[in-house]
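J.: Submitted below is the structure of interest, expressed as structure tokens.
The values are calculated or read from the model by the stated rules, or taken from the named source; none is laboratory data. Predicted model only: the values in this text are computed from it and were never measured. FYI the Cβ positions are ideal-geometry reconstructions off the backbone, even for glycines, and counts take in every protein chain you see.
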Amino acid sequence: MFQDIRIVLINTSHSGNIGSAARAMKTMGFTDLVLVDPVDFDPKHPSEVSVAMATGAADILCGARVVATLAEAVEDVAIVMGASARNRHIPWPLMHPRQAAGKAITVLKNEQKVALVFGRERTGLTNEELSMCQVHVHIPTNEEFSSLNVASAVQVLSYEIRMAILDSQDKLDAHYSGDWGVSWDNDLANQKEINGFIEHLERTLVDIEFLDPTNPRQLMPRLRRLFQRAVPDKIEINILRGILNMVKRNHDK
């Protein structure tokens, strides 16, 4: 599926943005980059700034294809999704990145291509270019500051597509096993051990005069809630009780 995602940048004016977009693509596993009429870029001789911004993704830069029009860039693509931050006069199918990723999966499963199209740094995509896209994708940014660098937009959409692909292939859970995303190194403390710790904690707090047993208020229930929420393991409980023993020993000196 990854090979069937194409990133299309239109009329990009700064070669550094092309390099940053290439980096964003490579981190998410995508390699198909097409540049429509870039202002100043030659994949055979990428500029120093574009290579620097690519940070290890120079192979994506050198493998980029340069074409004159958007039509050329997407002629073999089944679904074209255009990133747009502006409302248009004629309503068009509009999705946020996660919805767009779900739409993309239905196409990718049929081994057909999906293109994500990004416009110029200052003005984005023209109405004509957006009319060539079946779907407009809007990244719900902060309304007070919605300007998003083109490479950042590539990163956001590439991430969502990657997550959707991995989820469709049942590969997400394989990397995040157990309740905490990893196999835990110790058994969780049982309730007898937690209760023993809570009793130990209460005695210590009374001894150091932090807790007034005649006016306890809600201190111990709140502390119990804190440690229950943390779900400590057996070693962690032993460590905490060791700390309490040291506190008591130093207090009694």
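J.: Taking ARG229, is it within 23 Å of GLY178 (Cα to Cα), at pLDDT below 95 and surrounded by fewer than 10 Cβ atoms within 10 Å (Cβ to Cβ)?
T.: For ARG229, the condition - within 23 Å of GLY178 (Cα to Cα), at pLDDT below 95 and surrounded by fewer than 10 Cβ atoms within 10 Å (Cβ to Cβ) - is met.
J.: If I ask for residues that are assigned to a loop (DSSP other than H, G, I, E, B) and either surrounded by fewer than 17 Cβ atoms within 10 Å (Cβ to Cβ) or touching an Asp or Glu at 6+ places or on another chain (Cβ under 6 Å) (or both), which ones from region 191-215 would you list?
T.: Let us first name the residues in region 191-215 that are assigned to a loop (DSSP other than H, G, I, E, B), namely 208-215.
Scanning region 191-215 gives ILE208, GLU209, PHE210, ASP212, PRO213, THR214, ASN215.
J.: Working only within region 22-63, note down all residues that are hydroxyl-bearing (Ser, Thr, Tyr), within 18 Å of ASN11 (Cα to Cα) and modelled with pLDDT of 90 or more.
T.: If the condition is that a residue be hydroxyl-bearing (Ser, Thr, Tyr), within 18 Å of ASN11 (Cα to Cα) and modelled with pLDDT of 90 or more, then SER50 is the only one that fits.
Residue-by-condition table, conditions (1) modelled with pLDDT of 90 or more; (2) of a type outside the set (S, T, N, Q):
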position	(1), (2)
VAL150	yes, yes
GLN155	yes, no
TRP184	no, yes
HIS200	yes, yes
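J.: Mind telling me which of the residues ILE239, ILE165 ends up being hydrophobic (A, V, I, L, M, F, W, C), in a helix (DSSP H, G or I) and without any contact (Cβ under 8 Å) to a residue 12 or more places away in the chain?
T.: Just a single option satisfies the conditions, and that option is ILE239.
J.: Sticking with this structure for a sec: Is it true that HIS136 is of a type outside the set (Val, Ile, Thr) and within 17 Å of the chain's Cα centre (by Cα)?
T.: No; evaluated as a whole, the condition is false for this residue.
J.: Working carefully through the options ALA85, ALA54, find the one that is within 24 Å of the chain's Cα centre (by Cα) and surrounded by fewer than 20 Cβ atoms within 10 Å (Cβ to Cβ).
T.: ALA85
J.: Residues to consider are VAL8, VAL39; find the one that is surrounded by fewer than 16 Cβ atoms within 10 Å (Cβ to Cβ) and under 28 Å from THR141 (Cα atoms). Lay out the reasoning, then the answer.
T.: On the way: VAL8 fails: surrounded by fewer than 16 Cβ atoms within 10 Å (Cβ to Cβ).
The match here is VAL39.
J.: Only one of GLU111, GLU144, GLU129 is touching an Asp or Glu at 6+ places or on another chain (Cβ under 9 Å) and of a type in the set (Asp, Glu); which?
T.: After applying the criteria, what remains is GLU111.
J.: Checking the structure you have, find out if any residue of region 137-151 is assigned by TED's automatic domain parsing to the domain that holds ALA22 and either part of a helix (DSSP H, G or I) or within 30 Å of LYS253 (Cα to Cα) (or both).
T.: Quick first cut of region 137-151, residues assigned by TED's automatic domain parsing to the domain that holds ALA22 only: 137-151.
This time we only want the ones that are either part of a helix (DSSP H, G or I) or within 30 Å of LYS253 (Cα to Cα) (or both), so: 150-151.
The answer is yes, given that some residue of region 137-151 is assigned by TED's automatic domain parsing to the domain that holds ALA22 and either part of a helix (DSSP H, G or I) or within 30 Å of LYS253 (Cα to Cα) (or both).
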